[in-house]
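Readers should treat all values here as calculations from the given coordinates under stated rules, not as data from a laboratory. Predicted model only: the values in this text are computed from it and were never measured. Quick reminder, even Gly has a Cβ in these numbers, built from the backbone with ideal geometry, and neighbours come from all protein chains shown.
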Amino acid sequence: MKNLVSIFAGHDANISFYNATTNKYYTIEIERLVKKRYFRLHEDNTPAQQKDILEKCRDIAEKEWGIENDYECVLICSDGYIQTDPREIFNTQHVRTVARHHQTHAASVFHMSPFKEALIVSYDGGGDDGHFNIYSANQDGIIHVDKIESDFGGGYLLCGSLIREVAEKSRHQLALSGKLMGLCGYGNVIPEHVPAFEEFFFDRDYEKLANWTNLNLKNIDDPWKNALDNWAFEDQEGYDIAATAQEGFEDAFFSVLSKYDPDVPLILTGGCALNVLVNEKVKSAYKRPLYVPPNPHDGSLSLGHLFLYRQPTE
Ligand SMILES: [Fe+2]
């Protein structure tokens, strides 16, 4: 087995390396290299710029971790292609894609976890295999169990866009969700609106949310067009929307999780596993081991793809 390299070029772009000599794995989150939060390698850069950045990563791997430019293959994540030929950067004949978005989330987290078997929940704003997938994992492999039609990640992000303090402080729409979660502690849940928000995370029907709650929402026809322009609430009214959206998010999440009664440890991943409020509630509600990785967002996808290509050994 030669060295391996794996690239995810979507937002939170990242590249992982396997050193065949030392049997060690390494990941570079490219936003740290280029100093641009949520950096996308593909759509925001010319092929020449992509090549330049990947050459820098290749050289870091060689200089810092002793990984020679002699690779068995380059792995490219299925929903994060680049527009430059990786064989002009990495010394290899082979470019492969072996898995899809949530499969790689699941593989990344399972092999980082301390568990030999687990139920894995992967949920986010969407990849090329949906938004919410359940897996059963053990030492024989990771089996897909279920796919839930929903958009918890995108729905939560859009809830953040409703609040002035969140929208005006966010320079990128991916920043909305974290700020929304942070504001929840200042708000009071509006109980009569919770069911509408809960359903919104499944159907993402913004017009239905507006009609059901009678809230004066903006940009009904296309709230995604410029999410940072959607805000309609501020001060305590906004904080209460934050708390209510979070309550709906938690109810929606538990309505799915309650269908599974795993007698094995539980793992949460995907960008929505950054929601520490629901993670804490899961930990309290489920009296069995829980693991959430330090990088449940897309920053872990290239490593997951490597793990699927070559299962780690002790
Ligand atoms: Fe993801």
- Would you order HIS297, HIS101, HIS42 from fewest to most other beta-carbon atoms within 10 Å of each residue's own beta-carbon? HIS42, HIS297, HIS101
- Task: Give me the angle, in degrees from 0 to 90, between the Cα long axis of helix 194-203 and the longest principal axis of the Cα atoms of the chain, rounded to the nearest 10.
- Result: 40 degrees
- Extreme residue, positive dipole direction of the chain, given options ALA285, PHE17, ALA99 (C-beta unit charges): PHE17
- Message: Quick check on packing: order 243-249, 272-278 by the mean number of other C-beta atoms within 10 Å, highest mean leading.
- Response: 243-249, 272-278
- Item | Farthest toward positive dipole pole in the chain [+1 Lys/Arg, -1 Asp/Glu at C-beta], among TYR26, GLN246, LEU303 | TYR26
- Query: Counting DSSP beta bridges in the chain, what percent are antiparallel, to the nearest 5?
  - Reply: 65 percent
- Message: Taking the square root of 5 times each eigenvalue of the Cα gyration tensor, what semi-axes in Å does the equivalent ellipsoid of segment 164-223 have, largest first?
- Response: 20, 16, 11
- Item | Range of Cα positions in segment 54-117 per principal axis (Å), largest first | 38, 27, 18
- Tell me, TYR206, TYR286 in order of fewest to most beta-carbon neighbours within 10 Å? TYR286, TYR206
- Residue among ALA48, ALA137, ALA99 with the largest mean-square fluctuation in a Gaussian network model of the chain, springs linking Cα atoms under 10 Å: ALA48
- About its Cα centre, how strong a charge dipole does the chain have in debye, to the nearest 20, once Lys and Arg get +1 and Asp and Glu get -1 at the Cβ? 940 debye
- Return one quarter of the surface area of the convex hull spanned by the alpha-carbon atoms of segment 25-166, equal to its mean projected area, in nm². 11.1 nm²
- Item | Spatial extent of segment 141-279: Rg and Dmax, with the Cα atoms as the point set, Å | 15.1, 49
- Message: Compute the distance from the alpha-carbon center of segment 111-155 to that of segment 36-110, in whole Å.
- Response: 23 Å
- Task: Anything over 22 Å Cα to Cα? Flag those among LYS116/LYS287; LYS208/LYS281; LYS179/LYS225; LYS24/LYS51; LYS24/LYS63; LYS56/LYS169, in the order listed.
- Result: LYS208/LYS281; LYS24/LYS51; LYS56/LYS169
- Query: When averaged across all projection directions, what area in nm² does the alpha-carbon convex hull of the chain cover?
  - Reply: 16.1 nm²
- Message: Let me spell out the model: positive unit charges on the Cβ of Lys and Arg, negative unit charges on the Cβ of Asp and Glu, origin at the Cα centre of segment 18-124. What dipole size does that give, in debye rounded to 20?
- Response: 240 debye
- For segment 206-314, with equal point scatterers placed on the C-alpha atoms only and solvent neglected, what are the log10 I(q)/I(0) values from the Debye formula at q = 0.11, 0.19 1/Å, to two decimals? -0.55, -1.12
